[in-house]
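Worksheet for the structure shown next.
Just so it is clear, none of the values below were taken in a lab; they were calculated from the coordinates. Because the structure is predicted, anything quoted here is derived from the model rather than measured. Cβ atoms come from the backbone with ideal geometry, glycine included; neighbour counts cover every protein chain shown.
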Amino acid sequence: MRRIYQILRPGIFPFTICILWLLFLLLYKTMGLPNPAQMVAIIGEWFNTYGFWFLAAAAFIEGIFVIGMYVPGSLAIVLAVYTFGDSIYDLISIGVISFLSFVVANIFNYLLGKYGYYKFLLVIGQKDSIEKMKAAMKKHGNNIFLLTGFFPNFFAITSVCAGIANVSFWNFIRLAVIALFFWITVWTTVGSFIVNRIDLKNENQSFYLIAIVFLWGVFLVVKKTWYRKKD
């Protein structure tokens, strides 16, 4: 058992994300909650009823770690553009509200990593993983934020990692603001042109995401095993 743990150890973070997501999936099915496709229809109705106020709440919830994996990425922006993105003023309003909500959500994710998941990794003896994450964030910080900013679910993971790695709070804010401003502008602009071609009711989109996270963990395990054999 200990040997298996040592082999899987490099991928502990992404594998834990997968476990949390599967537990969430099991919970919502057990409780009879709506599936992702049904959520899209329900959220669309709420947008029509509550307008920009609902956009702010939806973007915040979608930006939260693990919970955001329940729905397709950037759903709040896409549905807002689809529902009431009729003019440039509307698109700017959607962009600004989404930006502020995602920033606040990822501050929460950062604090979750710093004061929650960080302690969890220490408890299970993963201090070396924290140090490696810290080195990676320091070396590739700007690139990581920009690369994952296109998808709220990935960006939530990046924010948690930043908290675990003890990245300076104000440096995190700077990187998050730049990345989110860029990608929300892209999503809002591009969304206004392609929104009618996106299948928002595809239930498999969240499964694609978790598959990518799982493969990330497998890659880390294989990479570590390869280097051990090489040494």
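Output wanted: per-residue J couplings in Hz (rounded whole) for region 158-164, from phi through Karplus 6.51 cos²θ - 1.76 cosθ + 1.60, θ = phi - 60°, x for Gly and Pro.
Those phi angles translate into 4, 5, 5, 4, 4, x, 4 Hz.
Between Thr30 and Asn48, what is the label-point separation in nm under the 7 Å Cα-to-beta-carbon projection?
With each label placed 7 Å out from Cα toward Cβ, I get 3.5 nm.
If each residue's Cβ is checked for other Cβ atoms within 10 Å, how do Tyr89, Tyr117, Tyr50, Tyr110 rank with the fewest at the top?
Values: Tyr89 9, Tyr117 20, Tyr50 13, Tyr110 24.
If I rank by nearby Cβ atoms, fewest first, I get Tyr89, Tyr50, Tyr117, Tyr110.
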